[in-house]
Amino acid sequence: MGKMKSEPLFLIFLALVVLGSIVVYTDMLSADPNSVAYEKLKEELSGLSAAVKVGKLNAVSQESPKVEKEQGGIAIVQPLDGDSFEEEPVINSSEDTPVSGKSDDLPVGVGEHRSRVLSEAEERKTTVIQQVTEDSISGEERDVELKQITDPTSKEQSANSQDQASTHSDFRESTDAGSRKSDVKVHRLRDQLIRAKVFLNLGQSRSSPHYIRELRVRIREVQRALGEATVDSDLPRNIDEKMRSMEQTLGRGQQIQDNCAAVVKKLRATLHSTEEQLRINKKQALFLTQLAAKTLPKGLHCLPLRLSNEYYSLNPTEQQFPHQEKLEDPNLYHYAIFSDNVLATAVVVNSTVTNAKEPWKHVVHVVTDKLNYAAMRMWFLKNPPGAGTMEVRSIDEFTWLNASYSPALKQLQSQSMIDYYFKTHRANADPNLKYRNPKYLSILNHLRFYLPEVFPKLNKVLFLDDDVVVQKDLGPLWKIKLDGKVNGAVETCGESFHRFDRYLNFSHPLIAKNFDPRACGWAYGMNIFDLVEWKKQKVTEIYHHWQHLNSERTLWKLGTLPPGLITFWKRTLALDRSWHVLGLGYNPGVSPKDIERAAVVHYNGNLKPWLEIAIPKFRGLWSRFIDYDHPYLRDCNITP
């Protein structure tokens with residue numbers, strides 16, 4: 001009872017205290033601003049504010065945790081680089097001393113308010129930490145949510161920022177897409193076609209006729225849609241739908257293939273079969289190319305027959321060329337062409353004389369075989385080379401050229417040589433069809449090693465192959481000083497296969513001892529020969545010596561370039577490359593600039609310009625020196 005009586009007294013006392021405080025503060029508030037009471041009130045309010053207000057931390061200048069928001073006496077910091085959330089002490093802005101955080105140290109009512117703020121902040125902080133650990137949200141999302149907790153007004157700003165970022169990203173992607181042409185869909189469609197064709201050939205797929213029909217329909221749809229497209233913009237608008245349909249069909253096909261090992265085995269077998277077929281096709285293509293290269297077209301077979309018939313109907317006086325007094329004049333420009341191809345020789349002669357600045361100084365000597373002698377003479381009798389001088393001779397006129405003098409001729413006429421290269425049923429026959437070309441058994445091909453004997457009264461001779469075209473005046477070649485060298489030629493060592501080790505057998509001790517395998521090769525086809533130095537250095541004897549050593553074909557195989565490299569070793573002067581450009585008979589990639597500035601272009605290789613297998617873009621350089629309206633050419637149906 002006593003306790004119950006004391007409660008009304010306590011309440012009355014509390015009411016008096018409260019009312020008294022109100023009266024006191026009311027009086028203070030109503031006091032003059034300049035009065036002492038008013039100043040005292042300001043000091044108390046300042047003290048109260050300092051206790052609850054969050055001051056700036058001395059640690060703000062540090063870069064690791066970034067202070068996002070200060071609320072209710074607690075500094076909420078944003079973690080950097082995976083740092084955990086920590087509660088920073090609140091520093092008094094006036095004294096730089098930390099507030100202890102106990103409610104007993106604060107005025108009445110302030111402690112309760114601070115405790116509530118601490119509790120709410122702690123709950124919010126805990127919620128964010130749980131969300132980070134449980135939901136594994138990204139660092140940016142964590143920062144945004146934390147800022148939204150500490151500053152509710154930031155939610156709207158964050159949403160606006162996200163919208164702006166999304167707009168910026170979309171704009172950037174669209175700009176990037178517009179700046180380049182994408183081909184992602186094109187590649188995906190091609191990949192789908194490959195996969196679909198694989199499924200068509202698998203046994204499991206064939207067991208389902210309905211699926212096979214559907215797959216073929218999808219393949220046709222994709223092929224029509226893809227067409228010749230190279231970028232996505234070339235595709236039709238409904239291509240996405242077709243891609244999805246095809247992917248669904250392929251997915252069903254994948255379900256049908258329940259044996260992956262069988263699929264892999266089937267693919268490997270297909271790959272092996274394809275590679276083998278490719279190898280066979282390449283071999284067959286090489287065989288056909290070699291066969292076409294050594295086969296005389298019908299028109300070129302008709303032409304010499306037609307010309308020979310006309311020649312033998314002429315009177316003996318009509319069978320002679322004019323200006324025969326120039327044939328042995330050493331002061332003129334003399335050319336040597338050894339060929340059995342009438343049309344090819346005509347192009348070489350016409351292009352040489354046509355481009356000559358002083359054509360009357362140019363004398364062309366043609367040596368051919370007995371079969372084409374009459375035809376060659378008849379052609380140039382009816383088609384003289386302008387102001388130039390012509391001579392046509394038969395190799396049979398050189399009685400000194402026999403097997404007892406020339407080891408090359410002796411070897412070419414031997415039965416063992418013929419069997420080695422041309423008897424396909426023999427075990428020792430050479431499998432390379434390249435060496436089964438009749439030109440390798442023709443002495444015309446080796447006559448170039450006997451120039452001093454062919455032209456005993458000349459000092460210099462310019463040798464030309466019958467598969468070249470002259471594009472510029474060659475007169476300046478006779479003014480080049482060879483400085484004691486015998487042969488002037490363009491080097492061809494820009495490519496590895498034009499070095500000595502390509503043509504000579506360096507496993508043989510004689511070759512390895514006398515020559516450098518990496519020595520630079522040079523080109524036959526346009527060569528200026530100093531016949532005076534030739535005789536002085538006894539070059540023909542050197543050629544005979546090495547031909548004797550190669551009687552068993554152990555140093556090199558057939559051809560004239562390998563013995564030429566040996567014979568003129570250290571006797572060749574390198575000419576400027578613009579004089580002679582090679583490769584028009586096998587390399588479509590010859591530079592147009594090199595061709596334009598070249599004095600002579602050479603169709604070395606199998607793709608000769610008079611054959612149907614010639615490289616089309618190079619054929620015009622050759623055919624422009626032929627009059628296809630000539631009666632002989634029309635009669636033999638020789639067309640461009």
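Just to verify a result, which residue in the stretch 480-509, among those that are over 14 Å from Thr567 (Cβ atoms) and among the aromatic types (Phe, Trp, Tyr), is surrounded by the fewest Cβ atoms within 10 Å (Cβ to Cβ)? Among those that are over 14 Å from Thr567 (Cβ atoms) and among the aromatic types (Phe, Trp, Tyr), it is Phe497.
Within the stretch 186-209, identify whether any single residue is in contact with an Asp or Glu (Cβ under 9 Å, 6 or more places away or on another chain), surrounded by 13 or more Cβ atoms within 10 Å (Cβ to Cβ) and modelled with pLDDT under 75, and answer yes or no. Yes, the conditions are met somewhere in the stretch 186-209.
For Leu296, the stated conditions hold: it is more than 26 Å from Leu189 (Cα to Cα) and outside any helix (DSSP H, G or I). For Gln290, state whether it is more than 30 Å from Ala225 (Cα to Cα), assigned to a helix (DSSP H, G or I) and touching a helix residue (DSSP H, G or I) at 6+ places or on another chain (Cβ under 7 Å). In short, yes.
Yes or no: Val364 of a type in the set (A, V, I, L, M), free of Cβ contacts under 8 Å to residues at least 40 places away in the same chain and open to solvent by 10 Å² or more (accessible area, probe 1.4 Å)? The answer is no for Val364.
For the stretch 517-545, filtering for residues that are part of a loop (DSSP other than H, G, I, E, B) and open to solvent by less than 70 Å² (accessible area, probe 1.4 Å) leaves 7. Tyr333 meets each of the listed conditions (1) open to solvent by less than 10 Å² (accessible area, probe 1.4 Å); (2) over 23 Å from Leu611 (Cα atoms); (3) at pLDDT 95 or above apart from (1). With the condition kept exactly as written, say whether any residue in the stretch 602-611 is closer than 23 Å to Arg518 by Cα and open to solvent by 40 Å² or more (accessible area, probe 1.4 Å). Scanning the stretch 602-611, I find no residue that is closer than 23 Å to Arg518 by Cα and open to solvent by 40 Å² or more (accessible area, probe 1.4 Å), so the answer is no.
Does Val454 count as open to solvent by less than 10 Å² (accessible area, probe 1.4 Å) and over 17 Å from Thr572 (Cα atoms)? Yes: the conditions hold for Val454.
Taken over the stretch 215-232, the criterion of being part of a helix (DSSP H, G or I) and open to solvent by 40 Å² or more (accessible area, probe 1.4 Å) is satisfied by Arg216, Val217, Arg218, Arg220, Glu221, Gln223, Arg224.
Within the bounds of the stretch 468-479, is there any residue that is open to solvent by 10 Å² or more (accessible area, probe 1.4 Å), touching a Leu at 6+ places or on another chain (Cβ under 9 Å), at pLDDT 95 or above and closer than 25 Å to Phe618 by Cβ? Within the stretch 468-479 (the criterion being open to solvent by 10 Å² or more (accessible area, probe 1.4 Å), touching a Leu at 6+ places or on another chain (Cβ under 9 Å), at pLDDT 95 or above and closer than 25 Å to Phe618 by Cβ), the answer is yes, since at least one residue qualifies.
In the stretch 317-329, the residue that is modelled with the highest pLDDT out of those that are assigned to a helix (DSSP H, G or I) and open to solvent by 100 Å² or more (accessible area, probe 1.4 Å) is Glu325. Of the residues contained in the stretch 557-567, none is found to be closer than 28 Å to Val353 by Cβ and touching a Leu at 6+ places or on another chain (Cβ under 8 Å). If you go through the stretch 388-418 and keep only what is surrounded by 18 or more Cβ atoms within 10 Å (Cβ to Cβ), without any contact (Cβ under 8 Å) to a residue 40 or more places away in the chain and not small (Gly, Ala, Ser), you end up with just Leu412.
Taken over the stretch 612-640, the residue count meeting the criterion of being at pLDDT 90 or above and over 18 Å from Leu582 (Cα atoms) is 15. Is it the case that Glu596 is without any contact (Cβ under 8 Å) to a residue 12 or more places away in the chain and outside any loop (DSSP other than H, G, I, E, B)? So Glu596 fits the description; yes. Contact map, the stretch 462-482: first residue touching a residue at least 24 places away in the same chain (Cβ under 8 Å) and small (Gly, Ala, Ser), second residue assigned to a loop (DSSP other than H, G, I, E, B) and surrounded by 18 or more Cβ atoms within 10 Å (Cβ to Cβ), Cβ cut-off under 9 Å, separation 6 or more or different chains; pairs are Gly475/Ala356. Of the set (1) at pLDDT 95 or above; (2) crowded, with 22+ Cβ neighbours inside 10 Å; (3) of a type outside the set (Phe, Trp, Tyr), all apply to Asp340 but (1). If the condition is being more than 47 Å from the chain's Cα centre (by Cα) and open to solvent by 100 Å² or more (accessible area, probe 1.4 Å), then the stretch 273-315 contributes Leu305, Asn309, Tyr312. A count restricted to the stretch 373-384 and to residues that are open to solvent by 10 Å² or more (accessible area, probe 1.4 Å) and within 19 Å of Val470 (Cβ to Cβ) stands at 3. Ala512 passes every criterion in (1) in contact (Cβ under 8 Å) with a residue 24 or more places away in the chain; (2) farther than 26 Å from Lys457 by Cα; (3) open to solvent by 30 Å² or more (accessible area, probe 1.4 Å) apart from (1). Within the stretch 546-560, the set of residues being within 17 Å of Arg502 (Cα to Cα) and open to solvent by less than 40 Å² (accessible area, probe 1.4 Å) comprises Asn550, Leu555, Trp556, Leu558, Gly559, Thr560. The set of residues from the stretch 568-584 being crowded, with 21+ Cβ neighbours inside 10 Å, in a strand (DSSP E or B) and among the hydrophobic types (A, V, I, L, M, F, W, C) comprises just one member, Val581. The residues of the stretch 289-313 that are aliphatic (A, V, I, L, M) and without any contact (Cβ under 8 Å) to a residue 40 or more places away in the chain amount to a single one, Leu296.
The values are calculated or read from the model by the stated rules, or taken from the named source; none is laboratory data. Here the structure is a predicted model, which is why all the values come from computation and not from measurement. Every residue, glycine as well, gets a Cβ built from its backbone with ideal geometry; the counts of neighbours run over all protein chains shown. Remember, those area values only see protein heavy atoms, side chains included, never the ligands or the DNA or RNA. Shrake-Rupley method; radii C 1.70, N 1.55, O 1.52, S 1.80 Å.
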